[in-house]
1. Can you pull the one-decimal nm distance between simple spin-label points at Phe73 and Met22, each 7 Å off the Cα toward Cβ?
2. Taking only protein heavy atoms into account and a 1.4 Å probe, give the accessible area per residue of the range 25-75 in Å².
3. Tell me which label goes with the value of log10 I(q)/I(0) by the Debye sum over Cα atoms at q = 0.10, 0.12, 0.19 Å⁻¹ computed from the coordinates here: (1) -0.35, -0.51, -1.27; (2) -0.43, -0.58, -1.12; (3) -0.42, -0.62, -1.56.
4. Rank Ser53, Ser103, Ser21 by mean-square fluctuation in a GNM of the chain with C-alpha springs under 10 angstrom and give only the top-ranked residue.
5. What percentage of the solvent-accessible surface of the chain, computed with a 1.4 Å probe over protein heavy atoms, is contributed by carbon and sulfur atoms?
6. Rounded to the nearest 0.05, what FRET efficiency do Ala56 and Val91 give with R0 = 30 Å and r taken as the Cβ-Cβ distance? Could you check?
7. Between Ile125 and Leu14, with labels modelled 7 Å along Cα→Cβ, what's the label distance in nm to one decimal, could you check?
8. Taking the Cα centre of the range 1-123 as origin, sum charge times position over the Cβ atoms of Lys and Arg (+1) and Asp and Glu (-1), and report the length of that vector in debye to the nearest 20.
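The values are calculated or read from the model by the stated rules, or taken from the named source; none is laboratory data. Nothing here was measured: the structure is a model prediction, and the numbers come from that model. When we count neighbours, we look across all protein chains shown, and the Cβ atoms used for this are built from the backbone with ideal geometry, even at glycine. Note: accessible area is taken over every heavy atom of the protein model, side chains too, but ligands, DNA and RNA are not part of it. Shrake-Rupley method; radii C 1.70, N 1.55, O 1.52, S 1.80 Å.
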Amino acid sequence: MTTFTPITSLAGGLLIGLSASMLLLSHGRVAGISGLYAGAVMRPTSDRGFRLSFVAGLLSAGFIMWLIRPELFPSAPVAPLWLTAVAGLIVGFGTRLGSGCTSGHGVCGISRLSTRSVIATCVFIATGAATVLLSRSAA
């Protein structure tokens with residue numbers, strides 16, 4: 001477990017908010033990652049190039065960070081591959097069921113005072129907390 005770093009946490013939050021605001025102002029789009037990703041890979045849309053560019057930018061940023069600060073990334077898997085795949089499928093199902101993910105609801109929806117987004121984000125957080133509680137108590 002790492003220690004809480006308020007300055008870097010604040011800087012990260014400001015960058016997320018700034019990028020979500022820039023996307024909304026420049027493209028009129030909410031920065032909901034699950035929706036952007038789904039439109040890029042699952043169904044053909046008129047703005048597929050934009051969506052693919054957005055997803056490529058996310059992946060590129062992670063890769064660049066790995067090149068600059070590899071110590072921030074685990075050197076060994078933290079969970080078996082099958083468990084990671086199952087968790088990914090469950091998260092994907094949940095984002096479709098909830099009509100979005102924490103980036104769309106938690107960052108963009110709450111800032112627009114969307115009741116649906118507040119409820120969805122509370123459900124996401126409660127489910128995550130319950131999952132951590134159950135997985136840590138089983139270990």
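1. Result for the modelled spin labels: 2.2 nm.
2. Per residue, the range 25-75 has 71 Å² of solvent-accessible surface.
3. Entry (3).
4. Result for the chain, Cα springs under 10 Å: Ser53 fluctuates most.
5. Values: 7710 of 10340 Å².
Summing carbon and sulfur atoms, their accessible area is 75 percent of the total for the chain.
6. E(calc), rounded to 0.05, equals 0.90.
7. 2.3 nm
8. Working: 8 positive and 2 negative charges, 73 e Å.
In debye, rounded to 20, the range 1-123 gives about 340.
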